[in-house]
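Step one of this worksheet: look at the structure below.
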Amino acid sequence: MIKRSDLDTWCVQIIGFSLESAIKSINYSNLRYRITSIDGKPGVTTRDYRTDRINLTIVNGFVKSAFVG
C-alpha cells in the first residue's frame, strides 16, 4: 500500500496529465479513481472517504486537480 504522504505527492505530479494518461498511471498503481467534474459539470460522487482513491477534476481533457479521498 502506498503511504498517504506519497499519494499526496503523486496527486500533485499527475496534474497536467491527459485524462487517458492519468487513468493509466492510476490503474498501474493499483489505485481507484473517480472523476469529480469534467469541464465544470459535476460527476456522481459519494461522501465516503477512501485512502486508495484519487479524485480527478478534468478541464479540456487534462487533470486540473487530483486529491485523495
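A few remarks follow.
- Along the axis of the charge dipole computed for the chain (Cβ charges of +1 for Lys and Arg, -1 for Asp and Glu, origin at the Cα centre), the listed residues Ala22, Asn55, Val12 are led at the positive end by Asn55.
- Total charge dipole magnitude, the chain, about the Cα centre, Cβ charges on Lys, Arg, Asp, Glu only, Debye to nearest 20: 160 debye
- Of the residues Val59, Val44, Val12, the one that moves most in a GNM of the chain with alpha-carbon contacts below 10 Å is Val44.
- Residues Ser65 and Ser21, FRET efficiency given R0 of 22 Å [Cβ-Cβ distance, rounded to 0.05]: 0.90
- In the context of the full set of protein chains, residues of the chain present 67 Å² of accessible surface per residue (probe radius 1.4 Å, heavy atoms only).
- Whole-Hz ³J(HN,Hα) from phi, Karplus 6.51 cos²θ - 1.76 cosθ + 1.60, for segment 5-18, glycine and proline x: 4, 5, 5, 4, 5, 4, 4, 5, 5, 8, 4, x, 5, 5
- Note on Kirkwood radius over Cα pairs in Å: of the candidates [x] 14.0; [y] 13.4; [z] 11.9, the value calculated from this structure sits at [z].
- The chain - percent relative contact order, Cα under 8 Å, separation 6 or more: 37 percent
- Solvent-accessible area of Ser18 with every protein chain in place, 1.4 Å probe, in Å² to the nearest 10: 30 Å²
The values are calculated or read from the model by the stated rules, or taken from the named source; none is laboratory data. On a predicted model such as this, the values are computed, not experimentally measured, just so you know. Note: ideal-geometry Cβ built from the backbone for every residue, glycine included; neighbour counts use all protein chains shown. Heads up: the accessible areas ignore ligands, DNA and RNA and are worked out on the full protein's heavy atoms, side chains in. Shrake-Rupley method; radii C 1.70, N 1.55, O 1.52, S 1.80 Å.
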